[in-house]
Structure formats: structure tokens, C-alpha cells
Amino acid sequence: PFVKMVEKLTQSEAGSVAFGTEAPYFRQLGMDTIILGAGSIETAHQPNEYLPINNISPLLLWLKQLIHHYCVLGHAA
């Protein structure tokens with residue numbers, strides 16, 4: 001349900017990524033896990049790394065909506 005909720009908010013289908021995160025460790029603990037962030041992996045983690053300013057607002061909106069859904073409305077994941 002958590003991943004489906006994020007897919008709905010972001011209007012993007014979940015998929016796999018080929019870079020390292022802590023997600024597998026959380027999954028081992030039985031936690032639903034997503035990697036969600038602003039920007040693009042193509043412009044990240046390099047000497048000229050940058051984040052277009054117009055990528056920040058959508059991420060903030062998604063985070064606010066997720067917090068509201070799970071913490072304010074109290075919907076279980």
C-alpha cells in the first residue's frame with residue numbers, strides 16, 4: 001500500500017535502481033522502502049553536481065502529502 005500511495009502521488013511507477021542505498025537493510029526488517037528525492041541521478045554525485053530549483057517544490061508537496069496521509073489522517077501503511 002505504501003509504494004502504491006507514492007506512485008499515485010508522484011504519478012510515476014516504482015522501479016529498481018542500480019546504486020547503493022540503505023533500503024535493503026530496512027527491507028530485512030520488514031519495512032516498506034522507497035527511494036525518493038529531487039533531481040536526477042544523471043546530475044548527482046559528480047564534481048559538477050546540481051539540483052534544478054524547480055525540482056524542489058514537487059518533492060516538498062509529495063512529502064507533505066505523505067506526512068498528512070500517514071501521520072495526520074492516521075492511515076496505516
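Values quoted throughout were computed directly from the atomic coordinates according to the rules given, and no laboratory measurement underlies them. Please read all numbers here as calculations on a predicted model, not as lab measurements. Backbone-built Cβ (ideal geometry, glycine too); neighbour counts: all protein chains shown.
Brief remarks follow.
- Backbone HN-Hα couplings from phi across region 63-70 [Karplus 6.51/-1.76/1.60, Hz, Gly and Pro as x]: 5, 4, 5, 5, 4, 4, 4, 8
- Helix-only [θ]222 nm of the chain, DSSP H runs n ≥ 4, -39500 (n - 2.57) each, per residue, nearest 500: -10000 deg cm²/dmol
- Model label sites at Trp62 and Ala14, defined 7 Å from Cα along the beta-carbon direction, differ in position by 1.3 nm.
- Dipole check for the chain: with +1 at the C-beta of Lys and Arg, -1 at the C-beta of Asp and Glu, and the Cα centre as origin, the magnitude is about 260 Debye.
- Percentage relative contact order, region 2-72, counting C-alpha pairs under 8 Å, at least six apart: 28 percent
- Cα-projected label distance for Glu22 with Ile41, points at 7 Å along beta-carbon direction, nm: 1.9 nm
- Whole-Hz couplings from phi, Karplus 6.51/-1.76/1.60, listed for region 36-51; x for Gly and Pro: 9, x, 7, x, 9, 5, 5, 10, 9, 6, 8, x, 9, 3, 8, 10
- Each listed q (0.13, 0.27 Å⁻¹) maps to a log10 I(q)/I(0) for the chain from the Debye sum over equal C-alpha point scatterers, namely -0.49, -1.37.
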